[in-house]
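K.L.:
Got a structure here, written out as structure tokens. Questions coming.
The values are calculated or read from the model by the stated rules, or taken from the named source; none is laboratory data. The shown structure was predicted, so the numbers you read here are calculated from the model rather than taken from an experiment. Cβ: placed from backbone, ideal geometry, glycine included. Neighbour counts: every protein chain shown.
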Amino acid sequence: IRQVPLFAQLNDAQLEAVTAISTKRSFKAGTVLFSEKEIGSVFYMVLSGSVKIYTTGSTGEEKILSICKAGESFGELSLIDGKPRSASAQTLEDCMLLAITGQSFLDLLRTHFDISLGIMQELSHRLRDTNQQVYDLTFLDARTRVIKSLITMANKHGLRNGSIITIKLVLNFDEISQLASVQKTTLMQVIRDLEEKKILTLSPSDFKLDLAKLRS
Ligand code: CMP
């Protein structure tokens, strides 16, 4: 768990204390870990794999708020404010997660200022990210939002080789359109256009994005 940034500052004894109250759990791809509006009882950290955090509209359509990958955490809000889960969480790949129950999590925050600070930094990061999403939805058109989402996925999940970034397709096209807040037809139009311009190459398991061509 040393690789989890939240715990990076802890000494051996403190890490020992965290290990004692946490449980390693593995989950198959596609497992719903919890749903929006449920009572929250567990805080999770991702050791491997990735988890999507999403909210569901009144007719069942989903909006992805964020993707958590190794080293990131989720599920703290309802433990801190005692309210129901603010979003749902589902594994996108087979995952290894570290779980800490609510009371132990709060005790950890009370006893380790560095961990509390780490949670505050994570919440600050998310608020900035949410502000950015509000900006994008208010001021950017759908095509630009798709391109921004592809670049975000590239920066977060891509492997870089010169100006070419290879991004493993852990999200399907429905999910990418939810991430960009566009209709799937719009997403497919933009992807086709980028393919024609040789900026994007699709294969069944990944896609390649030429950042230099995209910027020019
Ligand atoms: P909690 O409300 O307990 O359960 C859902 C979790 O999703 C929440 O805690 C946060 O950890 C996470 N979450 C909620 N909203 C966002 C968001 N806008 N961006 C990233 N993560 C979020």
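K.L.:
Output the strands (runs of 3 or more DSSP E) that fall wholly within the stretch 1-53 and possess 3 or more residues being crowded, with 19+ Cβ neighbours inside 10 Å, or say none.
P.N.:
42-48
K.L.:
Name the residue, out of SER22, SER78, SER26, that is under 26 Å from THR130 (Cβ atoms) and polar (S, T, N, Q).
P.N.:
Only one candidate qualifies: SER78.
K.L.:
Which members of the stretch 88-139 meet the condition of being among the basic types (Lys, Arg) and under 19 Å from LYS52 (Cβ atoms)?
P.N.:
Within the stretch 88-139, just ARG126 meets the criteria.
K.L.:
If LYS63 satisfies all but one of (1) out of contact with any helix residue (DSSP H, G or I) (no Cβ under 7 Å at 6 or more places or on another chain); (2) closer than 30 Å to LEU137 by Cα; (3) assigned to a strand (DSSP E or B), what's the number of the condition it fails?
P.N.:
Among (1) out of contact with any helix residue (DSSP H, G or I) (no Cβ under 7 Å at 6 or more places or on another chain); (2) closer than 30 Å to LEU137 by Cα; (3) assigned to a strand (DSSP E or B), LYS63 violates only (1).
K.L.:
So in the stretch 75-102, with the set limited to residues that are among the aliphatic types (A, V, I, L, M) and part of a strand (DSSP E or B), which one is surrounded by the most Cβ atoms within 10 Å (Cβ to Cβ)?
P.N.:
Across the stretch 75-102, the extreme among qualifying residues is LEU97.
K.L.:
State all residues of the stretch 38-51 that are touching a residue at least 60 places away in the same chain (Cβ under 8 Å) and near the ligand (Cβ under 10 Å from one of its atoms); if no residue qualifies, say none.
P.N.:
Listed by number, the residues that qualify are GLY40, SER41, VAL42, PHE43.
K.L.:
Something else about it: Those residues that are in contact with an Asp or Glu (Cβ under 7 Å, 6 or more places away or on another chain), surrounded by fewer than 16 Cβ atoms within 10 Å (Cβ to Cβ) and under 18 Å from GLU93 (Cα atoms), I need them from the stretch 128-182; list them, please.
P.N.:
LYS168
Listed here are the residues, each with its yes/no results for (1) touching a Leu at 6+ places or on another chain (Cβ under 8 Å); (2) assigned to a helix (DSSP H, G or I).
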site	(1), (2)
LEU127	no, yes
ALA154	yes, yes
ILE176	yes, yes
MET188	no, yes
PHE207	yes, no
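K.L.:
Only one of these is without any contact (Cβ under 8 Å) to a residue 40 or more places away in the chain and not polar (S, T, N, Q): ASP114, ASP94, ASP141, ASP129. Name it.
P.N.:
ASP141
K.L.:
Select from the stretch 54-74 the residues that are within 12 Å of the ligand (Cβ to nearest atom), modelled with pLDDT of 95 or more and surrounded by fewer than 17 Cβ atoms within 10 Å (Cβ to Cβ) and list them in ascending order.
P.N.:
The one that is within 12 Å of the ligand (Cβ to nearest atom), modelled with pLDDT of 95 or more and surrounded by fewer than 17 Cβ atoms within 10 Å (Cβ to Cβ): THR55.
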